[in-house]
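Reviewing the structure listed below.
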Amino acid sequence: MRQAEEGFDVFVETRSTALLRTAYLLCAGDRGAAEDLLQEVLERTYGKWRKINSAPEAYVRAALANAAANRWRHRSRRVREAPLEEVIPPSEPGHEEQVADRDALLRALAELPQRMRAAVVLRYFDDLTEAQAAHALGCGVGTIKSQTSRGLARLRDLLDPVGADTTAEQDRGSRCTPTS
């Protein structure tokens, strides 16, 4: 029993930062919710630790994605935080732009449906293969492909709505060649 506890302790010490990042992205940038989500999942995992024979990180990532998908039930009870632009007025460019870009990305991620967000986060932020992401979410590889494709397109639209329209028009124009 003590050996299993030590294995869990080592796992948490070495992987908790990466798992918190995943939880943070799944919670669309709400750090408090991400910490709560990760803690809840690790508590449940601890009770099952001896039964998890292989790939504990994959198990925990899948549990994070599933727990995040169930968060919507409890959202109405949580106090909404103030948007970044209301808290920090615009100033001279600097590292603030990175913060603003990160905030814009997190807001755009929050606009995606939960399963689509989970697919994008697992594929591009956690760098899982399509098969690993499909296994974590309990769906097919084709579903992961379509969800990530649609998710990335939606993120592009949300992050640069004017540029997305221009790019679409350019794409349509490049396909059509005038005949004389």
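The values are calculated or read from the model by the stated rules, or taken from the named source; none is laboratory data. Since the structure is predicted, the reported quantities are computational estimates derived from the model, not experimental observations. Note: ideal-geometry Cβ built from the backbone for every residue, glycine included; neighbour counts use all protein chains shown. Heavy atoms of the whole protein, side chains included, go into the accessibility calculation; ligands, DNA and RNA do not. Shrake-Rupley method; radii C 1.70, N 1.55, O 1.52, S 1.80 Å.
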Heavy-atom SASA rank of 135, 95 (probe 1.4 Å, accessible area, largest first): 135, 95
Among 12-20, 34-42, 141-149, 59-67, the order from most to least packed when residues are scored by Cβ within 10 Å on average: 59-67, 34-42, 141-149, 12-20
Fully extended contour minus Cα-Cα distance, from residue 103 to residue 9, at 0.36 nm per residue: 30.6 nm
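Run the numbers for residue 95 and residue 153: contour at 0.36 nm per residue of separation, minus the present Cα-Cα distance, in nm.
Numbers: separation 58, 0.36 × 58 = 20.88 nm, distance 2.68 nm.
Here the answer is 18.2 nm.
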Distance (nanometres) between label positions extended 7 Å along Cα→Cβ at residue 162 and residue 110: 2.4 nm
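In Å², and per residue, what accessible area does the range 1-54 have when probed at 1.4 Å with the other protein chains present?
I get 62 Å² per residue for the range 1-54.
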Among 32, 53, 20 - extreme Cα towards positive end, dipole of the range 10-66, charges at beta-carbon: 53
Sequence of 127, 101 from largest to smallest accessible area, 1.4 Å probe: 127, 101
